[in-house]
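The values are calculated or read from the model by the stated rules, or taken from the named source; none is laboratory data. This is a predicted model, so every value here is computed, not measured. Cβ sites come from the backbone with ideal geometry, for glycine too, and all protein chains shown count toward neighbours. Calculation scope for accessible area: heavy atoms of the full protein, side chains included, ligands and nucleic acids excluded. Shrake-Rupley method; radii C 1.70, N 1.55, O 1.52, S 1.80 Å.
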Amino acid sequence: MPGPPVSIGCAVLLSPGAAGAPDSGVIVAVTQTTATAGGMPLATAGSICQMVNSVSGVPYPLTIGSTGVSTGVTIDGQGLVRSGDQIPSGSGVLMILGPPAAPYISDGGSP
């Protein structure tokens, strides 16, 4: 799904979550430092989300998978993560909600 790139602080939703119901979280770590927008590093496959189990409330880390990210834009060999992407990760599909790091930039490439 084409869209603007995201960074640290972007809201995400994993469905189904670890216990079945959707889990929410945010991107907390970006593993690349090569590309930035507005001073923030752009998230790529391999970035880490801090998720919260919606049933128990227990936090857990989740690494963003490499399927479903941009195939047109890669940074250090990893696909760019964009607002609106649906990425198979962990126990379900990770929906990238936003806000975008740079709403004035859009990657039109396919996932």
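Among the conditions (1) touching a Lys or Arg at 6+ places or on another chain (Cβ under 8 Å); (2) open to solvent by 20 Å² or more (accessible area, probe 1.4 Å); (3) not acidic (Asp, Glu), Ser91 misses just one, which is (1).
Taken together, Pro88, Pro111 contain a single residue that is over 18 Å from Val26 (Cβ atoms) and in contact with an Asp or Glu (Cβ under 8 Å, 6 or more places away or on another chain), which is Pro111.
Here Ser56 fits the description: in a loop (DSSP other than H, G, I, E, B) and more than 24 Å from Gly109 (Cβ to Cβ).
If I filter the range 57-74 down to residues being aliphatic (A, V, I, L, M) and modelled with pLDDT of 95 or more, which single residue comes out as most open to solvent (accessible area, probe 1.4 Å)?
Val58
Please list, ordered by first then second residue, the pairs with beta carbon atoms under 8 Å, 6 or more apart or interchain, first in the range 51-63 and of a type in the set (Lys, Arg), second open to solvent by 50 Å² or more (accessible area, probe 1.4 Å). Qualifying pairs under 8 Å: none.
Taking Ala35 as the residue in question, decide whether it is under 23 Å from Pro103 (Cα atoms), surrounded by 21 or more Cβ atoms within 10 Å (Cβ to Cβ) and out of contact with any helix residue (DSSP H, G or I) (no Cβ under 7 Å at 6 or more places or on another chain).
no
Remark: Ile105 matches the filter, which requires a residue to be open to solvent by 50 Å² or more (accessible area, probe 1.4 Å) and of a type in the set (A, V, I, L, M, F, W, C).
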